[in-house]
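Everything on this sheet refers to the single structure shown next.
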Amino acid sequence: MKRRIMLLAVLGASFFLCGEQAFAVAVEEITVRGRLGRTVEPGGWLILADKQKYLILNADRWQNESWFRESAEVEATGEVKRDVITTYQEGTPFQASALRARGSQSSGGNSQTGVTSAGAGAGMTRVVVTGDALVQAQPDTAIVQIAAVTQARTALEAQQENARKADAIMRAVKQVVGTDAEVKTSGYSLQPQYAYREGQPPLIRGYEARNTITVTLSDLSKVGATIDAASAAGASNIDSLSFTLRRDRPAQEQALTEATREAVAKAQTLAAALGGRVVRIVEVVESGMVRPPIPLYADAARARVSAEAAPPTPIEPGTLDIRAQVQVVAEVMTNQ
């Protein structure tokens, strides 16, 4: 004896008969609220919700409506078609059964006359503005690069002489800066020096060894004394001196805040010039944060003098310029 399986119909379900059995297939019907937007593919339309895009598969049913335009706020009811694959797959495929402007009474394919949408008679546009800010701060760190350079007939002689000179420089510098500074070797090279003659292969005439010592110190009052001590100990060059800001977060945050405020103020000014107002900020992008060090250069070979002959080397850190740039995209409602 055959049995017949009976299924009760429920809202939001479709039924199919197969022989003497019935199968229920759930329909995922949802309500979507967002803005209309165009797709990458020509002629396509999306509903841009807060966190997702919905590709309207039957947008042509409403394209002749007066409210159907880009950036219009809409509400749609329909079914998600997860088995549909489109060319660009831009958004979740969505078959709308009802689509209307937010605040209107229109739904379905044939809208009623006299429909008004939220912001009827107003236009939506976007403005892109850039805000810039400059914050000045006192540097809190100095970086000095010192070079010990030696030349000799053989590589071993150049290397040994350089080791003696570099050790003397490090000892002298550490005695000045104490334990609060970092003294380290940041580079080393040993290279042959060539003599060139026309029509003949180059000949090695000697070797040059270079040891680069980097001193990082937070007591900026010791920078001049550090340079003097390195020079007196036999440094060949002070390759570079720069000032920077190690604890820069407060200054960066201040620059970003001021740049953002300037960008928003520009957007409001443009909106007022267009006879409208800023509805919302769509996007904010940090374009760049610049915190350049202050570079200073000196030649220790030229500046090497005894402590009795001249006063300590004067060093003035000055201020650092911290720049921030922010790009803001704002949505503006106008009465045009």
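The values are calculated or read from the model by the stated rules, or taken from the named source; none is laboratory data. What you see is a predicted model; the values in this text were computed from it and never measured. Every residue, glycine among them, receives a Cβ derived from its backbone with ideal geometry; neighbour counts consider all protein chains shown.
Annotations
- Cβ-Cβ under 9 Å pairs, at least 6 apart or on other chains, region 73-85 side over 24 Å from MET124 (Cβ atoms), far side assigned to a strand (DSSP E or B) and among the hydroxyl-bearing types (Ser, Thr, Tyr): GLU79/SER97; VAL80/TYR54; VAL80/THR92; LYS81/THR92; ARG82/THR92
- Number of the exception - ASP219 against (1) within 25 Å of GLU157 (Cβ to Cβ); (2) free of Cβ contacts under 8 Å to residues at least 60 places away in the same chain; (3) surrounded by 15 or more Cβ atoms within 10 Å (Cβ to Cβ): (1)
- Only residues that are under 26 Å from the mean Cα position of the chain (by Cα), loosely packed, with under 14 Cβ neighbours inside 10 Å and either free of Cβ contacts under 8 Å to residues at least 40 places away in the same chain or assigned by TED's automatic domain parsing to the domain that holds ASP167 (or both) were counted in region 270-290, giving 2.
- Residue match in region 189-200 (condition: on the phi > 0 side of the Ramachandran plot and outside any helix (DSSP H, G or I)): yes
- Here is the figure for region 138-163: residues that are part of a loop (DSSP other than H, G, I, E, B) and crowded, with 16+ Cβ neighbours inside 10 Å total 2.
- Condition met for GLY37 (at pLDDT below 85 and either under 21 Å from MET124 (Cα atoms) or not β-branched (Val, Ile, Thr) (or both)): no
- Yes/no for ALA166 being in the same structural domain as ASP132 (by TED's automatic domain parsing) and in contact (Cβ under 8 Å) with a residue 12 or more places away in the chain: no
- Exclusive hit being small (Gly, Ala, Ser), assigned to a strand (DSSP E or B) and over 16 Å from SER97 (Cβ atoms), set GLY37, GLY43: GLY37
- Candidates ALA255, ALA229, ALA267: the one that is surrounded by 13 or more Cβ atoms within 10 Å (Cβ to Cβ), more than 30 Å from THR216 (Cα to Cα) and either over 26 Å from the mean Cα position of the chain (by Cα) or modelled with pLDDT of 90 or more (or both) is ALA267.
- Restricting region 291-311 to residues that are under 26 Å from ARG246 (Cα atoms) and surrounded by 13 or more Cβ atoms within 10 Å (Cβ to Cβ) leaves a set whose member that is modelled with the lowest pLDDT is ALA298.
- Taken as a whole, the structure leaves ALA209 outside the set of residues that are surrounded by 16 or more Cβ atoms within 10 Å (Cβ to Cβ) and either more than 43 Å from the chain's Cα centre (by Cα) or at pLDDT below 90 (or both).
- Conditions (1) surrounded by fewer than 13 Cβ atoms within 10 Å (Cβ to Cβ); (2) not in a helix (DSSP H, G or I): number failed by THR179: (2)
- Restricting region 48-92 to residues that are in a strand (DSSP E or B) and small (Gly, Ala, Ser), the residue that is farthest from VAL282 (Cα to Cα) is GLY78.
- Pairing each residue of region 308-330 that is closer than 26 Å to ARG126 by Cβ and in a strand (DSSP E or B) with any residue that is acidic (Asp, Glu) and modelled with pLDDT of 85 or more, provided the two are 6+ apart or on different chains, yields C-beta distances under 6 Å for GLN325/ASP132; VAL326/GLU286; VAL329/GLU283.
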